[in-house]
Amino acid sequence: MNPRPAERFADGPLSGIRVVDLSAVISGPFATSMLADQGADVIMVERADAPDIVRESGALLEGSGISAMFAAMNRNKRNIALDLKQETGQDVLKQLVRHADVVVQNFRPGALDRLGVGWSVLSEINPELVMCSISGFGEDGPYSHRPAFDPVVQSVAAYPSVQVDELGRPNLIATAVCDKVTSMQVAQSVLAALLARANGAGGQHIELAMVDVAVHFLWPEAMWNDTYLDHEVDMPNLNEIYKLYQTKDGWAMVYSVATQAHWQNMCNALGRADLAMDPRFSDLQGRVRFGADVNDEIQNETSRFTNAELIELMDRADVPVAAVNNRQDMINDAHIRHRKLLVETEHPAVGRIRQVRPPARFSKTPSSLRRHAPAFGEHTDEILRDLLGKTPEEIIALRQSQVVR
């Protein structure tokens, strides 16, 4: 008898999908956390001799092995510590793959093949397997051998040049944007491959390079002057246009340029009929081309108001507006609180932690926070026993030989 829908999807829309996660740091783990949040059974396979470096990265309660960053990216997962350099460890991985729908890995290109557990081997074991291999620069090309971290990929993909300051100095984006946008592409690509499999395509291998994703993500608006090959254009870039405006007591974002209605409404609210009539600003092209002048005019006006006054005025006029929150402001923001976006959970190693709930809200198959981010090897015995059917004696032998931790 098939389970009723409510039981079948008790943990989310991906209930029943099993993911073996061989990845580390951000690009893979953040992707698999999205799958885990949506109900997939994600089994983290950490190297027995080298735990994920993110366990010790950033804010950390000393000795816990659960940094704030690790807790955010590895919730809802189980964990086994496995030595893939030993043949017995490779055999355990192969057994896991027999029970898996998806494998995600971000070893350097060729590393899993050299261990004897690459795509050609794993797909023979499980022809319905979807495998996603993430790397910094892809499986070929002059940079393919390089270790890749987010600032390195940002630099190759021209992100610092998009962030130049008034003096022309390039700046990194101060978040792991290339890692995290790769994670989103991983999750989406895996789900696309699972849908194709459900429609009869069978298993397949997905290759994703962070640099490919980073350029793809950057291109539409940051590279608009480099798109037309048969015509010369010289439109200001967004770093010249996107500006925050100072008020009497803070900073605000007023985004009035995109539509004619927003522009007219802002001009009317500020009593600036001259701006509304200025031919330079009569359409979107003009407001972008003369963006520096637009910014100067808006700044002259916003400096007359407090943040609260400006936001109330623009909100009444239906002009896009927001206060520029700092971190604590964001946590306390009335809208963030109304959305119940931040949740508190209890972690056995570090106590109460604040996290972001899964952002997608499913009407029939809601996501859930079921598990805390695991300790190193926390579920090794459980996985070996319950999933692979190992006896207590076999588990002891694996531990004694240091195949598992």
### Message
Checking the condition more than 22 Å from S303 (Cβ to Cβ) and either touching a helix residue (DSSP H, G or I) at 6+ places or on another chain (Cβ under 6 Å) or surrounded by fewer than 19 Cβ atoms within 10 Å (Cβ to Cβ) (or both), which residue from V233, V257 passes?
### Response
V233
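Can you pull out every residue in region 338-379 that is of a type in the set (V, I, T) and either touching a Phe, Trp or Tyr at 6+ places or on another chain (Cβ under 7 Å) or not in a loop (DSSP other than H, G, I, E, B) (or both)?
Just the residues of region 338-379 that are of a type in the set (V, I, T), to begin with: 343, 345, 350, 353, 356, 365.
If the condition is that a residue be of a type in the set (V, I, T) and either touching a Phe, Trp or Tyr at 6+ places or on another chain (Cβ under 7 Å) or not in a loop (DSSP other than H, G, I, E, B) (or both), then V343, T345, I353, V356, T365 are the ones that fit.
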### Task
State whether one or more residues within region 153-164 are at positive phi, aliphatic (A, V, I, L, M), assigned to a loop (DSSP other than H, G, I, E, B) and touching a residue at least 12 places away in the same chain (Cβ under 8 Å).
yes
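Could you go through region 228-235 and let me know if any residue there is in contact (Cβ under 8 Å) with a residue 40 or more places away in the chain, within 24 Å of D293 (Cα to Cα) and out of contact with any strand residue (DSSP E or B) (no Cβ under 8 Å at 6 or more places or on another chain). So that I can check it myself, show each step before the final result.
Within region 228-235, the subset in contact (Cβ under 8 Å) with a residue 40 or more places away in the chain is 235.
Those left that are additionally within 24 Å of D293 (Cα to Cα): 235.
From what's left, out of contact with any strand residue (DSSP E or B) (no Cβ under 8 Å at 6 or more places or on another chain): 235.
For region 228-235, residues in contact (Cβ under 8 Å) with a residue 40 or more places away in the chain, within 24 Å of D293 (Cα to Cα) and out of contact with any strand residue (DSSP E or B) (no Cβ under 8 Å at 6 or more places or on another chain): present.
Take M235 and tell me if it is at pLDDT 95 or above, within 29 Å of A276 (Cα to Cα) and part of a loop (DSSP other than H, G, I, E, B). Explain how you work it out, then say what you get.
On the way: at pLDDT 95 or above: yes; within 29 Å of A276 (Cα to Cα): yes; part of a loop (DSSP other than H, G, I, E, B): yes.
Yes.
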### Task
Filter region 52-66 for residues that are in contact with a Gly (Cβ under 9 Å, 6 or more places away or on another chain) and surrounded by 16 or more Cβ atoms within 10 Å (Cβ to Cβ) and give the result.
R55
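Would it be correct to say that D49 is on the phi < 0 side of the Ramachandran plot, assigned by TED's automatic domain parsing to the domain that holds R385 and crowded, with 23+ Cβ neighbours inside 10 Å?
Values: on the phi < 0 side of the Ramachandran plot: yes; assigned by TED's automatic domain parsing to the domain that holds R385: yes; crowded, with 23+ Cβ neighbours inside 10 Å: no.
Considered against the rule, which asks whether it is on the phi < 0 side of the Ramachandran plot, assigned by TED's automatic domain parsing to the domain that holds R385 and crowded, with 23+ Cβ neighbours inside 10 Å, D49 comes out as no.
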### Search result, residues across region 380-393 that are in a helix (DSSP H, G or I) and either surrounded by fewer than 18 Cβ atoms within 10 Å (Cβ to Cβ) or outside the structural domain of A40 (by TED's automatic domain parsing) (or both)
D381, E382, R385, D386, P392, E393
### Summary
Flagged in region 72-88 as in contact with a Ser or Thr (Cβ under 9 Å, 6 or more places away or on another chain) and in a helix (DSSP H, G or I), in numbering order, are A72, M73, T88
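Return yes when L93 is part of a loop (DSSP other than H, G, I, E, B), out of contact with any Pro (no Cβ under 9 Å at 6 or more places or on another chain), touching a residue at least 12 places away in the same chain (Cβ under 8 Å) and under 25 Å from L388 (Cβ atoms) and no when it is not.
On the way: part of a loop (DSSP other than H, G, I, E, B): no; out of contact with any Pro (no Cβ under 9 Å at 6 or more places or on another chain): yes; touching a residue at least 12 places away in the same chain (Cβ under 8 Å): yes; under 25 Å from L388 (Cβ atoms): yes.
No, not satisfied.
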#### Entry: Selection status of M69, surrounded by 23 or more Cβ atoms within 10 Å (Cβ to Cβ), modelled with pLDDT of 95 or more and among the aliphatic types (A, V, I, L, M)
no
### Task
Please find, within region 159-168, the residue that is nearest to F217 (Cα to Cα) out of those that are of a type in the set (A, V, I, L, M) and surrounded by fewer than 16 Cβ atoms within 10 Å (Cβ to Cβ).
V164
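The values are calculated or read from the model by the stated rules, or taken from the named source; none is laboratory data. Since we're looking at a predicted model, the values are computed, not measured. Using ideal geometry, Cβ is built from the backbone for each residue, glycine included, and neighbour counts are taken over all protein chains shown.
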